[in-house]
Amino acid sequence: MSSASPAPQPMPLDVLCVGHASYDLIFSVPHHPNPDEKIFADGFLACGGGPAANAAVTCARLGFQAAFGGYLGNDLYGEKHWQELLDEGVCTRFIARGESPTPISVVLVKPEGRRSLVNYKGETQYTPAESIDFSTAAPRVMLFDGHEPQLSVPLALKAQAEGIDTVLDAGSLHEGTQALMHRVDYLVASEKFARQYLGRQAEDEALSRLAERAPVVVITLGERGLIWKRGGERGALPAFPVTAVDTTGAGDAFHGAFAAAVAAGMPWRDVLRYAGAAGALCCTKMGARAGLPLQEDVRALLERYPDTPIDERG
């Protein structure tokens, strides 16, 4: 008589990052191409990307136990990205593989650090909830980027029932972020998301409106820092002064560090500063994955600017 296979062991994690993984082809260009213009890139970088995947790598580089949950194809780009995640120490137990192509992003980075991005998914659809078994995942925090709603919504409900903190990387307003924004503890939105949600550019009003959907709201404003609301308190934090080379991935680094700081139980002021430092450092190198900072880099920047003020007001 054969014995039963041992049950899979729980996977203790600081952060489980669920959502999009792509492969990025990044070109440094002198200017945005004009119609019918051929230009030559000054630099090129190829690496894994995607908000949730980059957030997982950020957590790992900062010394936390992280996993990525999402989809990678069985193609060349999927294999390269899978190996990158393994090399970074990210748990890959919760990745579905298949014959649909790995999404590809082409990023054009201008001299001042701003970028344009084109993403191609082909026929790749949302990953079905039943395609990944998350039953062994035991994270302190779950981070969602909204790009895999069929995976994320059930996990958000599970987290709520089990008292697990949840963070939404709300980069833009779409089906996935709309389905999750009222189901998370921390709604961390971009300036673009806030403008789309409100229908106009008015960050303070957007902050108040979004706070009706989630207990804690942060709106990141790029070089202008961020604003936040937590219960009856609200405030602002300026950006760390760095020389921007490429802003690609800065939001991913911010969200990953934010989730890691929440998992570590940091005080609120330190959560914001920690995430802000990670996002700022990501801007100092070309390419999102290459720019995701190490723990010592974040600590050094925080020590360099120990008195970054938080404007708190009731």
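The values are calculated or read from the model by the stated rules, or taken from the named source; none is laboratory data. The shown structure was predicted, so the numbers you read here are calculated from the model rather than taken from an experiment. With ideal geometry, Cβ positions are generated from the backbone for all residues, glycine too; neighbour counts draw on all protein chains shown. These area figures cover heavy atoms from the full protein model, side chains too; ligands, DNA and RNA do not enter into them. Shrake-Rupley method; radii C 1.70, N 1.55, O 1.52, S 1.80 Å.
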Inset, instruction - Output the residues belonging to the stretch 134-171 that are among the small types (Gly, Ala, Ser), more than 20 Å from Val216 (Cβ to Cβ) and surrounded by fewer than 21 Cβ atoms within 10 Å (Cβ to Cβ). - result: Ser135, Ala138
Inset, instruction - Answer yes or no as to whether Val153 is of a type outside the set (S, T, N, Q), closer than 30 Å to Thr136 by Cβ, outside any helix (DSSP H, G or I) and in contact with a helix residue (DSSP H, G or I) (Cβ under 8 Å, 6 or more places away or on another chain). - result: no
Inset, instruction - Take the stretch 185-201 and flag every residue that is outside any strand (DSSP E or B), open to solvent by less than 40 Å² (accessible area, probe 1.4 Å) and either under 17 Å from Ala257 (Cα atoms) or among the small types (Gly, Ala, Ser) (or both). - result: Ala194
Legend entry - In the stretch 159-177, residue nearest to Ala96 (Cα to Cα) [restricted to those that are part of a helix (DSSP H, G or I) and touching a residue at least 24 places away in the same chain (Cβ under 8 Å)]: Gly176
Inset, instruction - Select, from Phe27, Phe64, Phe40, Phe68, the only residue that is of a type outside the set (Gly, Ala, Ser) and farther than 29 Å from Ala280 by Cβ. - result: Phe40
Inset, instruction - Please enumerate the residues belonging to the stretch 180-199 that are aliphatic (A, V, I, L, M) and within 14 Å of the chain's Cα centre (by Cα). - result: Leu187, Val188, Ala189
Inset, instruction - Any chance you could count how many residues in the stretch 96-127 are part of a loop (DSSP other than H, G, I, E, B), on the phi < 0 side of the Ramachandran plot and under 21 Å from the mean Cα position of the chain (by Cα)? - result: 8
Legend entry - Segments classed as helices (runs of 4 or more DSSP H), wholly inside the stretch 202-299, with at least 2 members that are closer than 19 Å to Leu180 by Cα and open to solvent by 10 Å² or more (accessible area, probe 1.4 Å): 203-210, 250-263
